[in-house]
Amino acid sequence: MKEIMRKLPVEAIIKTHSQEGGLSRTLGAFELTMMGVGVIIGSGIFVITGVAAAEHAGPGLILSFALAGIACGCAALCYAELASAVPASGSAYTFAYAGLGEVFAWFIGWCLTLEYVVAMASIAVGWSAYASNIFQLMGISLPPFLRTDFFSGGFLNLPAVFIITLMALLQLRGARESAKLNNILVFVKVAVIFLFIILVARHIDPSNYDPFMPFGWSGVFSGAAVVFFAYLGFDAISNSAEEVKDPQKNMPRGIIGSLVIATILYMIVTLMLTGVVKYSVYAGVAAPVAYALNEIGIRWGSALVSVGAIAGLTTGVLVLLGSESRLIYSISREGLLPAAFSKVSRRKVPDKAIICTWALGCVLAGFFPIDMIAELCNIGTLWAFVFVAITVISLRKRHPELPRDFKVPAVPFIPVAAVVLCGFLAIQLDWITWAAFFAWTLFGFLIYFGYGRKHSRLGRQSGESEGTKNS
């Protein structure tokens, strides 16, 4: 028990992560905010809003987004404090290692590994669908067996594999290059969203908002659990802490800024969608924004939304691929995964971790129907949020002397609120999701107790200290 509960000293984290030979610090608050918006604003606006309104909350979906946003907001405040106090790659994994202990850090790291790679693959599959439509408009048509996964009757989802490969090659070139492309694509998709709002604003029919909550509060709550998927990713930018200039100040700005922008856009778009046509019409509609534009006679809207969707989904793949590789890099650096993954290339990026993430993503996106396991992203993230909130309370007690450029107000009430809200959303998920999550967790602990516990760098250091004392 003593071994698995050992904590990584905060002083050692800061010292190790500030040494030469690590990642290159090239990102500022603006780049971080764009990364957050880039990964948050994607499938949530372009895909999930219509179905969630039709099947769960109706026009009241705006309250679902608000509830999910509040839960994420409480967690975001906790992330911001920890990122300013412990500016290191690894996100919730590193925070939990310092505040709760090794076994909790491994559990959270394993949850996030699941979240990032499955979300990345799911987004790549969505990118494939939109790209295939664009290709057809251009007179280019891939055979069905090359754009459909194996379990859906095809052989390989080639466009999904292509976008993951392209983003991996960009990641290998360095953080600055990735950030530049992300900034451009974020501007494109945000511009498309604002144009959509302008186009449909004068077509709003107030009668479509009646009834506002057709499924009652239970529908709003279940809708919040569903649309929570739309918020996945704001935590991912904390994995880039070691590539950020002045992380103590810029990390909180990037985390909170991106979440606020995304929440406002989600609520406005939801209000527009349910005001243009009746919420029930969106049942089974996979592209609600394009559908709404067609309904009001703007036929070129479908192509417009496809451009915005492709831009949005591309940034999602890019940021999540980078976040997954940095997480693997951090876990490997502490000895819980093989040391090869913590090697840095001459371009100052964890190239082997990037290649590993690329391979996992290509297998999932290319051969599997990702929608069957997409809810695993939600449950893994919710657990991470819970432990980050607990870590804030723990480090406030254990390390009150740590410099914190940003502090969560009203501790412990806001961290406790994050725990309660995230736990409430988690119990709204399907029991099959919980069963699959328990299976994933069991597999992870087999790796930890079979390899990680024995090769832990912190464990080796403790053993050497004990040996010195005994001698």
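The values are calculated or read from the model by the stated rules, or taken from the named source; none is laboratory data. Owing to the predicted nature of the structure, the values given are computational and were not obtained by experimental measurement. All Cβ positions, glycine included, derive from the backbone under ideal geometry; neighbour counts span all protein chains shown. The protein model used for the area step is the full one, side chains on, heavy atoms only, and it has no ligands, DNA or RNA in it. Shrake-Rupley method; radii C 1.70, N 1.55, O 1.52, S 1.80 Å.
Of the cross-linked pairs Lys2/Lys245; Lys352/Lys407; Lys249/Lys348, which ones have a Cα-Cα span greater than 25 Å in the structure shown?
Values: Lys2/Lys245 37 Å; Lys352/Lys407 35 Å; Lys249/Lys348 23 Å.
Correct reply: Lys2/Lys245; Lys352/Lys407.
Each residue of the stretch 60-70 in turn: what ³J(HN,Hα) in whole Hz from Karplus with 6.51, -1.76, 1.60 and θ = phi - 60°, glycine and Pro shown as x?
These are the phi-based 3J(HN,Hα) values: x, 4, 4, 6, 4, 5, 5, 5, 4, x, 5 Hz.
More than 25 Å apart: what percent of Cα pairs in the stretch 31-161 qualify?
Working: 4070 of 8515 pairs.
Taking all Cα-Cα pairs of the stretch 31-161, the fraction more than 25 Å apart is 48 percent.
Sorting check: for 249-256, 384-391, which peptide has the highest mean count of neighbouring beta carbons within 10 Å, and how do the rest follow?
384-391, 249-256
Label-point separation (nm) for Gln136 and Arg347, each offset 7 Å from Cα along Cα-to-Cβ?
A separation of 3.5 nm, rounded to one decimal place.
Checking the a/c ratio against 1.5 first, then a/b against b/c, what shape does the Cα gyration tensor give for the chain? Present the calculation step by step, with values, prior to reporting the outcome.
Working: a/c = 1.84, a/b = 1.52, b/c = 1.21.
Because a/c hits 1.5 or more and a/b exceeds b/c, the chain counts as prolate.
Just to make sure I understand: if all protein chains stay in place, what is the order of Met267, Met35, Met120 by accessible area at 1.4 Å, largest first?
Values: Met267 60, Met35 25, Met120 0 Å².
Descending accessible area places them as Met267, Met35, Met120.
Along the charge dipole of the stretch 108-190, Cβ charges K/R +1 and D/E -1, which of Tyr130, Pro143, Val117 sits furthest on the positive end?
So the residue we want is Tyr130.
Taking the Cα centre of the chain as the origin and placing charges on Cβ (Lys, Arg +1; Asp, Glu -1), which of Ala418, Leu8, Leu170 is farthest toward the positive end of the dipole?
Leu8
Provide the packing ranking of 200-209, 57-66, 343-352, i.e. peptides ordered by the mean count of other C-beta atoms within 10 Å per residue, highest first.
Details: 200-209: 13.2, 57-66: 26.0, 343-352: 17.4.
Result, highest mean Cβ count within 10 Å first: 57-66, 343-352, 200-209.
Quick one: pull the percent of accessible area on the chain belonging to carbon and sulfur, 1.4 Å probe, ligands and nucleic acids left out. Mind dumping the intermediate values first?
Numbers: 12580 of 18440 Å².
About 68 percent, which is the carbon plus sulfur part of the accessible surface.
What number comes out for accessible area per residue over the chain if the probe is 1.4 Å? Units Å², please. Could you put the intermediate results ahead of the total?
Details: 18440 Å² over 471 residues.
Result: 39 Å² per residue.
What list of ³J(HN,Hα) couplings, whole Hz, do you get for the stretch 191-200 from phi and the Karplus terms 6.51, -1.76, 1.60, once you set θ to phi - 60° and write x for glycine and proline?
Rounded to whole hertz, the list is 4, 5, 5, 5, 5, 4, 4, 5, 5, 8.
Sorted by accessible area with a 1.4 angstrom probe, largest first, how do Leu364, Leu169 fall?
Working: Leu364 35, Leu169 100 Å².
The residues order as Leu169, Leu364, largest area first.
Which whole-Hz couplings ³J(HN,Hα) result when phi for each residue of the stretch 339-348 is put into the Karplus expression 6.51 cos²θ - 1.76 cosθ + 1.60, θ = phi - 60°, listed in order with x for Gly and Pro?
5, 4, 6, 9, 7, 10, 6, 5, 8, 6
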